[in-house]
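The values are calculated or read from the model by the stated rules, or taken from the named source; none is laboratory data. Bear in mind that the values here come from a model prediction, so they are computed numbers and not experimental data. Cβ sites come from the backbone with ideal geometry, for glycine too, and all protein chains shown count toward neighbours. With ligands, DNA and RNA removed, areas are computed over all heavy atoms of the protein, side chains included. Shrake-Rupley method; radii C 1.70, N 1.55, O 1.52, S 1.80 Å.
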There are 2 protein chains.
Amino acid sequence: MWHGGSPGRPSIGVDGWSRSGYKRVMSDADVFSGRALRSTVTADAEVVLTVDQVDVGPPGPDEVVVRVEASPINPSDLGMLLAGADPATASAGDGRTTLRLPDGALAGLAGRVGRAMPVGNEGGGVVVAAGSSDSATALLGRTVAILGGGMYATHRRIGADQCLVLDEGTDPRDAASCFVNPLTALGMTDTMRREGHTALAHTAAASNLGQMLNRICLADGIGLVNIVRRPAQADLLREQGATEVVDSSSADFVEELTEALRRTGATIAFDAIGGGELASTILAAMEAASSTEGGEYSRYGSTTNKQVYIYGGLDRSPTVLHRAYGMAWSIGGWLLPNFLAAVGPERADELRRRVADELSSTFAISYAFVLTLVKLLYHVIMARSFLMATGVKALVVPQG
Amino acid sequence: MWHGGSPGRPSIGVDGWSRSGYKRVMSDADVFSGRALRSTVTADAEVVLTVDQVDVGPPGPDEVVVRVEASPINPSDLGMLLAGADPATASAGDGRTTLRLPDGALAGLAGRVGRAMPVGNEGGGVVVAAGSSDSATALLGRTVAILGGGMYATHRRIGADQCLVLDEGTDPRDAASCFVNPLTALGMTDTMRREGHTALAHTAAASNLGQMLNRICLADGIGLVNIVRRPAQADLLREQGATEVVDSSSADFVEELTEALRRTGATIAFDAIGGGELASTILAAMEAASSTEGGEYSRYGSTTNKQVYIYGGLDRSPTVLHRAYGMAWSIGGWLLPNFLAAVGPERADELRRRVADELSSTFAISYAFVLTLVKLLYHVIMARSFLMATGVKALVVPQG
């Protein structure tokens, strides 16, 4: 048994544990150093991706070390990974991938210039070492899901209370995507209820996240208007039971959207796209849907509260608002950590438990690619389309 | 004494009351019919302004009839008055003023085509007839301020509970602008507090409303960043004691704005302009001001909640958001009636009482023009600049 940590704060390694093919943890080196993918913005306006040897450090009393088995590439990881650089500029050499930042982008990245930033918001793995506290040692050998960045790494030290403990026998790969997509989808329906709406709309609705949201809404009886960009995406969602699917490539998009919003009563939307006029179009359609219910003419529009939250940035261009929807409208950013902070730990725990309970049903995800850390360096070069395409998700397996 | 109204619901006219030069009310015709300015959008895409004979109707038990002595032209009145038509298109003839709507504007005005809409949000006057209830009769002869549209008229029937009763001896002209500007300014500082901010910014800050807001903030010890468009406007506000004034025509506007936001800690702004990039610039400056306080780099930006409310539309062009300020931001419409509904009647009453108490100090307004109803028809033709210029306010005196 390994004892480490600072004096008086012993940590405990896994002793005699060998299931799932993992070796027993015998030495400091086995557990507390490893490899991690890191992204560095240079003062020369380059982004350098490397796989580095890193020292994980011994766990404090309330911490554990997780051997990361799998971590997804979510759209929300690309900002840290690429820092806004276009993958078309990527080149390989000396065991690193180098990209070039667009002109003027460096100014907004001052906070990370010269710093090797860890990447990967979430992951699944096995607890291979623990600090001395009861809550930490109780996790030894358990499969856990974790959130907090730096998951494109062989090992991650993290607070025991940050681990979502999964049922015995859960494949760590199934634990990889417990947080970002599932909690974002649940956060959308929770936000909808907390802010007094009864149905919602969602753009880029054929994404993994969108499919998950559709399953949640079907299970919970919530009206959902799925907004997609291609007929094939509409078919995919309808095959999964979605009743309201609107295709923005349709010639009658605005009318179809307005009718779907009227049928469902959706007055809140979550938008993954961000740029362009879509958010404004949704607000206008919400206003038209609520106005056709009759009532006195007011040049200030209806009093129906119309909300769009931008939670992604698939289109980085400016958001253009035409403000032709009265005065009872709002548009803002929506970010999972801010949502979780707002609802508080108790509600956050309830949502996490639901994810754990429905991991193989509501929150199941399929991956199109499986990549080692080194292969991820080359995957970046292949094409942005692989990283950004709706529904084509990659899984990083750091131990490979 | 006149008794009117429907059977069993007698109304009471003013009997024997003659101060301030008003005649005793002796007949139905004196009180319950009069003239009103009305704005009609035609199916031919014209806007026709007329002064019509209208029947006010007898007051119900809980209603009064107010002889309107004065009503301001606020920017918020122009939408109902002009329906979006450019005053440059105005022409006079047959006792009416006719304007032409821009191409495509008719579609958004379907709710008012062919309807002669009353105009004028607020006004001050004297109660000259009342319904039978105690609360209504108690108002007979009192100078009151009223809100509710249709104030560009000689008489206005309205609920007794809608009247803000002013001190004996108050000139009705001083009662003209008790609601829109004063309650909007108070609503801004109230919204600031309710949403957890401690200081605010304001655009078009040299307006009558802006000067009022400056006086409120000085009196209440609230940090206020005044954003103006010309050096002369900055001088005007500084002469009135404003400490933080930023001129958007300055070459160093963004830096000066950021510093002012940092000094005050303002994280909420109220924007009268609406179109263009100013709201986005303010959000970016708020983010820069909060980020320079240090802290961990996050590609999602700070967790400082940054809010811009658009309450006017001096620039009708689209709002352009660059979204370069993290995810904790929001922009939305702000409308006085919606605010008053949200805070509830008790708080609304407190705010109204403060206006009444400070009518000749904090909430004093000066007018550049005084217009009869008929002169208003021609005033529209003179130029949009007279209607829209910051700080140049007109007062309508319907009895003239």
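Numbers below:
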{"read-out": "Qualifying position, being more than 19 Å from A:LEU37 (Cα to Cα), open to solvent by less than 10 Å² (accessible area, probe 1.4 Å) and more than 14 Å from every other protein chain (Cβ to nearest Cβ), among A:ALA138, A:ALA129, A:ALA70", "value": "A:ALA129"}
{"read-out": "Any hit, region A:189-204, residues being under 20 Å from A:LYS393 (Cβ atoms) and modelled with pLDDT under 95", "value": "yes"}
{"read-out": "Scan of region B:320-377 for residues that are among the basic types (Lys, Arg) and either free of Cβ contacts under 8 Å to residues at least 40 places away in the same chain or buried (at least 19 other Cβ atoms within 10 Å of the Cβ) (or both), ordered by number", "value": "B:ARG323, B:ARG352, B:ARG353, B:LYS375"}
{"read-out": "Looking only at region A:293-308, and only at residues there that are in contact with a helix residue (DSSP H, G or I) (Cβ under 7 Å, 6 or more places away or on another chain), at pLDDT below 95 and more than 9 Å from chain B (Cβ to nearest Cβ), the one that is nearest to B:GLY301 (Cα to Cα)", "value": "A:THR304"}
{"read-out": "B:CYS217 vs. criteria farther than 26 Å from B:TYR309 by Cα and either open to solvent by less than 10 Å² (accessible area, probe 1.4 Å) or in contact (Cβ under 8 Å) with a residue 60 or more places away in the chain (or both)", "value": "no"}
{"read-out": "Verdict on B:GLU256 being within 14 Å of another protein chain (Cβ to nearest Cβ), acidic (Asp, Glu) and either buried (at least 17 other Cβ atoms within 10 Å of the Cβ) or under 18 Å from B:ALA205 (Cα atoms) (or both)", "value": "no"}
{"read-out": "Lone unmet requirement of (1) modelled with pLDDT of 95 or more; (2) within 16 Å of B:HIS322 (Cα to Cα); (3) not in a strand (DSSP E or B) for B:ALA288", "value": "(1)"}
{"read-out": "Where a residue in region A:78-89 is more than 9 Å from chain B (Cβ to nearest Cβ) and farther than 11 Å from A:LEU109 by Cβ and its partner, wherever it lies, is open to solvent by less than 20 Å² (accessible area, probe 1.4 Å) and hydroxyl-bearing (Ser, Thr, Tyr), with Cβ under 6 Å and at least six apart", "value": "A:LEU81/A:SER39"}
{"read-out": "Candidate set: region B:57-67, residues that are open to solvent by less than 20 Å² (accessible area, probe 1.4 Å) and touching a Gly at 6+ places or on another chain (Cβ under 8 Å); chosen: the one nearest to the other protein chains (Cβ to nearest Cβ)", "value": "B:GLY60"}
{"read-out": "Criterion violated by B:GLU277 - all others in (1) touching a helix residue (DSSP H, G or I) at 6+ places or on another chain (Cβ under 7 Å); (2) surrounded by fewer than 19 Cβ atoms within 10 Å (Cβ to Cβ); (3) within 12 Å of chain A (Cβ to nearest Cβ); (4) among the charged types (D, E, K, R) satisfied", "value": "(1)"}
{"read-out": "Single residue of region A:309-356 satisfying the filter (under 18 Å from A:HIS197 (Cα atoms) and in contact with a Leu (Cβ under 6 Å, 6 or more places away or on another chain)) that is nearest to the other protein chains (Cβ to nearest Cβ)", "value": "A:MET327"}
{"read-out": "Those residues of region A:221-244 which are in a helix (DSSP H, G or I) and open to solvent by 40 Å² or more (accessible area, probe 1.4 Å), in sequence order", "value": "A:PRO231, A:ALA232, A:ASP235, A:LEU236, A:ARG238, A:GLU239"}
{"read-out": "Residue list for region B:99-115, restricted to those being more than 12 Å from every other protein chain (Cβ to nearest Cβ) and over 19 Å from B:HIS379 (Cβ atoms)", "value": "B:LEU101, B:PRO102, B:ASP103, B:LEU106"}
{"read-out": "Lone unmet requirement of (1) open to solvent by 40 Å² or more (accessible area, probe 1.4 Å); (2) under 19 Å from A:PRO61 (Cα atoms); (3) at pLDDT 95 or above for A:VAL144", "value": "(1)"}
{"read-out": "Selected residue (criterion: surrounded by the fewest Cβ atoms within 10 Å (Cβ to Cβ)) from residues of region A:78-110 that are within 22 Å of A:GLY150 (Cβ to Cβ) and among the polar types (S, T, N, Q)", "value": "A:THR98"}
{"read-out": "Filter result for the condition that a residue is in a loop (DSSP other than H, G, I, E, B) and open to solvent by 20 Å² or more (accessible area, probe 1.4 Å), over B:ASP161, B:ASP167", "value": "B:ASP167"}
{"read-out": "Where A:ALA201 falls short, out of the listed (1) closer than 20 Å to A:ALA289 by Cα; (2) over 19 Å from the mean Cα position of the chain (by Cα)", "value": "(2)"}
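This table checks each residue for (1) more than 18 Å from A:SER361 (Cα to Cα); (2) assigned to a helix (DSSP H, G or I); (3) of a type in the set (S, T, N, Q).
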residue	(1), (2), (3)
A:LEU209	no, yes, no
A:ILE216	no, yes, no
A:ALA219	no, yes, no
A:VAL246	yes, no, no
A:SER249	yes, no, yes
A:GLU256	yes, yes, no
A:LEU261	yes, yes, no
